[in-house]
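Report on the following structure.
The values are calculated or read from the model by the stated rules, or taken from the named source; none is laboratory data. Here the structure is a predicted model, which means the values were calculated and not measured. Cβ placement follows ideal geometry from the backbone for every residue including glycine, while neighbour counts extend to all protein chains displayed. All accessible areas refer to the heavy atoms of the entire protein, side chains included, with ligands and DNA or RNA removed. Shrake-Rupley method; radii C 1.70, N 1.55, O 1.52, S 1.80 Å.
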Amino acid sequence: MTHPHAGEDNASSSASLMIDADELACLQDEAVDITRALIRIDTSNYGTGDPQTWGPGEAAAADLVEQLLTDVGLPTQRFSSAPGRDSVVTRIPGTDPNAGGLVVHGHLDVVPADADDWSHDPFGGEIHDGMIWGRGAVDMKDMVGMILAVARHLQRTGHRPRRDLVLAFFADEEAGGVYGARYLVAEHPDLFAGCTEAISEVGGYSITLPERETGADVRAYLLQTAEKGLAWGRLRAHGRAGHGSVPTEDSAIVRLARAIVAIDEHEFPLEAVASVRALYDGVTEITGTGWDPEDLQGFLPMLRGARQFVSGTLQDTANVTMLNAGYKGNVIPQIAEATIDCRFLPGHEESLLALLDELTGEHVEVIMDQVYPSVDAPREGPLIDAMAAAIRAEDPGAHLLPYCLSAGTDNKSLTQLDIAGYGFAPLQLPADLDFAPLFHGVDERVPVDAVRFGARVLARLLRGQ
Ligand SMILES: [Zn+2]
């Protein structure tokens, strides 16, 4: 993919990135073209363990990734955790072997899309109204396109970063990364040896705020420094089995029901953890509008397109999602089970699990099947300074603010290797775009110019690492 010239190149970008106009054009055009090409490969992840439903998508996307990297002389390694569940990794060696490496990662899969609901083909990668449309446009084939475009740019210009850069393209993020990041971290941790930090989704996008003195629009880019953890498990109530005709005081089903009601009636307190406070304080500093610790939800409208992401980070949650008990109408079962989905703020894992034990009582066991840790990475340091500088070089006067994500990303897996994970997929967005609902939403799309902007910011950042 080469492009002889640029439509609307930013001359100052070209000069300060110290690359010529043709190279700058190529970088930006490739980010857009690769994003579109990836969207056209249907990598739907149905989240089942049944290989029949897996389809060829991730392997085809992995083929494209390998081709784009080997084209410019980057050797790749490919890993199949199961047939068709392919991930690709490459390492660009830095000039300083003592510097900790930086992982830059993206996932190749997407959640499914029903074309009937969409205005344009979800797997068409079409451009309409200045937007790239399709499943994965923001989650996260845009960032994968940018990473690949920047990798190719670094190779074309012969630029060697100081730190090692490990570029990883994972399968299966949308179902917890069992066949992708989790697998690689468990089975091939050497791939990430020496790495200290990681960059991926979901952060780096802009919200537009009114400046305190003038009321003029100013952009703040939200860097994801934290994410909630999740615990998926079961409540198992024990009782005495018996005949359905006999009075009973120790029915497992009733005990389970009481436990569920106790959890439902518990009010999880609203709390601003450190990353949320840092975000709220940052927005206050820019706008002059203060926030009330007694009314954390009242500040959400200030967060514009990010409010949906932030609304889930003000408390822990525990929701019962499935029930299973009994096998015959006239038999009182010995065991009754409910499935529970718990999400905890950074630092709350133990307290939430202890609370569940307390609420459910002595006859109900809490069994956690999968616990994914929360992430709470440092909010200050050279990497963050470099991100802010890269943003400001392309958007003078803009701010970089930390925030906590309510959902999970593959950074959870890398946390197991003590790698501090950030969400930084830079996008300069229009003020009126409600961004968060586009994730997994109908008519997912991303502005073409935002992807071009992101490629420039990421190139600056990675050139300086
Ligand atoms: Zn994602």
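Miscellaneous remarks
- Karplus-derived HN-Hα couplings along the range 94-101 (A = 6.51, B = -1.76, C = 1.60, θ = phi - 60°), whole Hz, x at Gly and Pro: x, 7, 10, x, 8, 7, x, x
- Residues of type lysines that Lys412 reaches as a straight line, Cα spacing below 27 Å, ignoring anything fewer than 8 places off in the same chain: Lys141, Lys228
- Taking all protein chains together and a 1.4 Å probe, the residues Tyr179, Tyr46, Tyr221 rank Tyr46, Tyr179, Tyr221 from largest to smallest accessible area.
- Part-to-part distance (alpha-carbon centres) for the range 382-418 and the range 421-436, which is given in Å: 11 Å
- Phi angles of the range 272-288 translate, via the Karplus equation with coefficients 6.51, -1.76, 1.60 and θ = phi - 60°, into HN-Hα couplings of 9, 6, 4, 5, 6, 4, 4, 5, 4, 4, x, 5, 5, 4, 6, 9, x Hz per residue; Gly and Pro are given as x.
- Averaging the Cα positions of each part gives two centres, and for the range 194-212 and the range 305-360 these lie 30 Å apart.
- Portion, in percent, of the accessible area of the chain that falls on carbon or sulfur, probe 1.4 Å: 49 percent
- The chain: calculated mean residue ellipticity at 222 nm from DSSP helix runs of at least 4, using -39500 (n - 2.57): -9500 deg cm²/dmol
- Placing +1 on the Cβ of every Lys and Arg and -1 on the Cβ of every Asp and Glu, with nothing else charged, gives the chain a dipole about its Cα centre of roughly 820 debye.
- A 1.4 Å probe, protein heavy atoms only, puts the accessible area of Lys328 near 120 Å².
- Pair Leu270, Asp357: separation of 7 Å Cα→Cβ label points (nm): 3.1 nm
- The order of the peptides 121-134, 367-380 by mean Cβ neighbours within 10 Å, most packed first, is 121-134, 367-380.
- Under-5 Å amide H pairs with Cys195, H placed in peptide plane, nonlocal only: Gly101
- Using C-alpha pairs under 8 Å with a sequence gap of at least 6, the mean separation divided by the residue count of the chain gives a relative contact order of 22 percent.
- Magnitude of the charge dipole for the range 100-216, about its Cα centre and with charges confined to Cβ atoms of Lys, Arg (+1) and Asp, Glu (-1), is about 860 debye.
- Evaluating 6.51 cos²θ - 1.76 cosθ + 1.60 at θ = phi - 60° for every residue in the range 162-176, the Karplus couplings come out as 6, 8, 5, 10, 9, 9, 10, 10, 9, 7, 6, 4, 5, 10, x Hz, glycine and proline recorded as x.
- Heavy-atom accessible area order for His105, His120, largest first, 1.4 Å probe: His120, His105
- Probe 1.4 Å, all protein chains present, accessible-area order of His440, His238, largest first: His440, His238
- Percent of beta bridges antiparallel (DSSP, the chain, rounded to nearest 5): 70 percent
- Rounded accessible area of Met322 (nearest 10 Å², 1.4 Å probe): 120 Å²
- Between the amide H of Glu126 and those of Trp133, distances stay under 5 Å, these residues lying 5 or more places away or on another chain, with hydrogens modeled in the peptide plane.
- Taken per residue, the accessible surface of the range 391-465 reaches 29 Å², heavy atoms only and a 1.4 Å probe.
- Dipole axis of the chain (+1 Lys, Arg; -1 Asp, Glu on Cβ), positive-most option in Thr317, Gly381, Val366: Gly381
- For the chain, with +1 on Lys and Arg beta carbons and -1 on Asp and Glu, the positive-most of Leu167, Ile132, Leu401 along the dipole: Leu167
- Per-residue SASA remark: Phe79, around 30 Å² accessible (1.4 Å probe; ligands, DNA and RNA not included).
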